[in-house]
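Below is one structure, written out as structure tokens; the observations come after it.
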Amino acid sequence: MDNINLPLDSLTSILDQIQIDGDDFSNCANRDEFIEAFKTQIITQLEASNYKEILKTYFKQQINDTTNHTLSPSLLEESAWEAARNQYKNLLEFIKQMEIPKLIIQAWEEERILNQHQTEPITATRLFQNSPYAPIASCMPVVSGLEAITKNYLWQDNGELPAFFKKGCKSNSSNYIVHYITSPGDITLLPFREAQEIINKFSLDAGKLHLLFSAYCMKTTEPWRSEFTLKASDILKIFNENRKDFNKLQKLKEIASTAFMLDSLLVKAEWEEGKKNGKVMVSVAISRMWNISFNYQGHKNLFGEIETPEEIYITIQPGLWTKEFLNKAGQKARKALYQFGYISEELFKLNAYRDEFILRGLMYLTLASRFHPHGNYKVLTLLKECICINPDEKIAKAKSDRHSRLKLTNRWDNFLMTLSKMGWNITYDPVTYPEMLQPNSEKKKPRGYFEKWLEARLTILPPLDIPPYTRTLSTQKSSGTRKAKKDKSITASEIKAARLKKGWSQRQLAGKAGISASFICLIEKGTRNPDTKLMTHLCQLLDLEV
């Protein structure tokens, strides 16, 4: 180091700026190879950087101060360059001759051994291995959580108080679910100006991840006491992620970043369901929807950091809300709820950018199928679920602008046709939704059709091969002889026989009952169980004794 005239602090400053990349040493088989690779990397970085100019500037200032401006600018420039060039040459020579500290070599050897013995965490069994459908928690925290993630424009700015997203219940004003935002790893409720940065990063992909976690909750009997680990690369396969503008590493990091945002979502709930003796009241204190941690796998650099992970393992612990809303034993004791539905593998494969309209609609229908078993919807209702931002404004614009109107109706028709391809059963109300307004109709739409179309009604039911949410009619049981006589169960075959005795088609019975023909078909097959009100109405129409 004696042949280096550059002051020691300046030399240290230059060497400190060199970023050592541990991946360059991953293939070094022994100590000698490592030492040479280490030196080569430092020299390569110096050659590719502006250190020559840094040295030149430094010596120019030194010469300037020493000569007290007696040299001309040109001579000063030449002297500075000559001094810098000599010192740079000496610096490279010093690097070639320097001894690598034993601590660095030891760290490399230990890391190499550790990388060779890395063990992969145990991951949960992948969904959809034996069926294109999987059970999913479809309770209100999941529903409201999905809306909070995919409808960030509905978050409320509460000034200095915490930002919040609230979902109530029309039939019971005391029921509510509230979501808040906190920083990852914290529990402090953030005001809107701080929470907005996280809220704005929520996306449809985050919504898909939220639903995926909700499906994995169904694999354990007590999810609030359990956790499951997923590989980011497996999530990419489920999502059918094939973007060409991202490499694999970027895709893995994107999945991890999205999961990291979900760790910021909190939930609070007060909910009551059932009537009289069957009433269940649940309460959830402010807590996380998902507690998420990460395990990066790959070669570590000399500082113990994994800069380019080969795999990312995401461990999810469902929040305390599952103890109140996804508790099978608690439901039997009438102290908790256990609410679930089914989700299609095809939903996850929809592209959040290309198929946004379809994906939003399918997400809504997937969860709504549990509490809307009849599947009766109005076009306007579903349309608002499919439009991402300010649906009322976009629908109002379509009313006055022909181009916007055509674009919106085309997207809607494409949505319905995609649902049909996925196996969903769609029946159009013949009165409010005539053939001329249906997809692929070649008939010319009448003037002023748009307003009528918004009020049109249709029935959308899940694919028939999705398991029914409730017991079939023929398996219902009575609780007591006297009650059984009063509340006699009507079987699916009895409904069909009574309809045929009347000489009615399924469509005719559906018209009289105010439901779709496809729903009558499902009832007669025993795969759909009408509620008490509808059953009473059907029995009155068919002259059956209840």
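Rule-based calculations on the coordinates, nothing more; no lab input. The structure displayed is predicted, hence computed values, not measured ones. Every residue, glycine among them, receives a Cβ derived from its backbone with ideal geometry; neighbour counts consider all protein chains shown.
With contacts taken as Cα pairs under 8 Å at a separation of at least 6 residues, the stretch 121-188 carries a relative contact order of 20 percent.
Taking 2.2 N^0.38 Å as the expected size of a compact globular protein, what ratio does the Cα radius of gyration of the stretch 164-322 give against it, to two decimals? Expressed relative to 2.2 N^0.38 Å, the Cα Rg reads 1.20. Multiplying the residue separation of Leu380 and Glu442 by 0.36 nm and removing their Cα-Cα distance gives an extension gain of 20.1 nm.
Only alpha carbons enter this Debye calculation for the stretch 151-193, each as an equal point scatterer, and the log10 of I(q)/I(0) it gives at q = 0.15, 0.35 Å⁻¹ is -0.43, -1.15. Working ranking of peptides 518-525, 136-143, 154-161, 421-428 by packing, defined as the average number of other Cβ atoms within 10 Å per residue, highest first, is 136-143, 518-525, 421-428, 154-161. Work through the residues other than Ala336 whose Cβ is under 10 Å from its Cβ and net out their charges, Lys, Arg +1 and Asp, Glu -1. Combined, the nearby Lys, Arg, Asp and Glu give +4.
Taken as Cα centroids, the stretch 369-391 and the stretch 248-274 sit 23 Å apart, rounded to the nearest whole angstrom.
The distance linking the stretch 114-163 with the stretch 315-358 is 9 Å (Cα centroid to Cα centroid, whole angstrom).
Converting phi to 3J(HN,Hα) with the Karplus coefficients 6.51, -1.76 and 1.60 and the offset θ = phi - 60°, the stretch 158-163 yields 10, x, 7, 7, x, 5 Hz in sequence order, with x at every glycine or proline. Looking at the stretch 291-383, the chymotrypsin sites (Phe, Trp or Tyr not before Pro) that sit in a DSSP loop and have at most 16 other Cβ atoms within 10 Å of their own Cβ are Phe303, Tyr353. Before anything else, pin down the relative contact order of the stretch 347-439: Cα pairs under 8 Å, at least 6 apart, normalised by residue count, whole percent. Rounded, it is 23 percent for the stretch 347-439. Across the cross-link table entries Lys151/Lys399; Lys268/Lys328; Lys231/Lys335; Lys151/Lys444; Lys170/Lys276; Lys335/Lys533, which are compared at the Cα atoms, the separations over 29 Å belong to Lys231/Lys335; Lys151/Lys444. Taking each of Lys166/Lys452; Lys208/Lys248; Lys167/Lys378 in turn, the alpha-carbon distance tops 28 angstrom for Lys166/Lys452. Database remark: amide H of Tyr342 closer than 5 angstrom to the amide H of Ile136 (H placed geometrically; neighbours at sequence offset of 5 or more, or on other chains; Pro and chain starts carry no H).
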